[in-house]
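Okay, structure first, notes after.
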Amino acid sequence: MDTAQSTENNQEKVEPQAVVVRREPERDLVTWVASARPFKKRDRQYFVTIFAIAGIISLVIFLAEGLMPVVLIIALVFLYYILSTVPPEEIEYKITTKGIKIADKLIGWQLMNKFWFGHRMDNEVLFFDTFQIPGRIELVINPEIKEVLEKEISAYIPFEKAADSNIDKLTNWVSQKLPGNK
């Protein structure tokens, strides 16, 4: 009985300890300057092909649905033309201990699932799979810092390539059929 009472007395005397959270200051791990989006200069034949395809699709949709879908197609083709002819600006990217800074906007590590490397329009690209919309972040990188980026980012999130979605497969197939994309 004495041992049972002494055990109860010991349990009553133990108080929960306060948890001390150390806040680590944000440090820059890797910094580089690159274009804001992948970009490839296109020739005249490429745009003539795009405009011809859009014109044929617009004619068919106009006969089936009317004017509004045609206006949408024209707006999308115009947006694509502008994005393909105007070179992107150069911005600064930073990998920090808190997350990724893109032009001084921080995206925390807790919002990211995995990362991998790939190519898009003759550019080396770093992809991040995120938990938020839009679901994917693409950063143009310099090929020289690829190994350093992999080492630093692997400390926070796993290096794993995401499987291509059906939309990715469709856009890759269509882009291979267009002139100048071989």
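The values are calculated or read from the model by the stated rules, or taken from the named source; none is laboratory data. Since the model is a prediction, treat every value here as computed from it, not as a measurement. Neighbour counts run over all protein chains shown; Cβ positions are idealised from the backbone, glycine included.
When region 40-82 is filtered for residues that are closer than 30 Å to LEU106 by Cβ and at pLDDT 90 or above, the ones remaining, listed by number, are LEU79, ILE82. Of all residues in region 121-171, those satisfying the criterion of being modelled with pLDDT under 85 and of a type in the set (A, V, I, L, M, F, W, C) are MET121, ILE133, ALA162, ALA163, ILE167. Checked against the criterion of being closer than 20 Å to ALA36 by Cα, within 11 Å of the chain's Cα centre (by Cα) and touching a residue at least 12 places away in the same chain (Cβ under 8 Å), region 140-163 contains one or more residues that satisfy it.
Against the definition (over 18 Å from ASP122 (Cβ atoms) and of a type in the set (Lys, Arg)), how does LYS40 come out, yes or no? Judged against the criteria, LYS40 is not a match. Considering only residues in region 164-182 that are among the β-branched types (Val, Ile, Thr) and under 19 Å from the mean Cα position of the chain (by Cα), the one that is nearest to ASN123 (Cα to Cα) turns out to be THR171. Looking only at region 132-174, residues that are exposed (fewer than 10 other Cβ atoms within 10 Å of the Cβ), closer than 28 Å to GLU89 by Cβ and hydrophobic (A, V, I, L, M, F, W, C) come to 2 in all.
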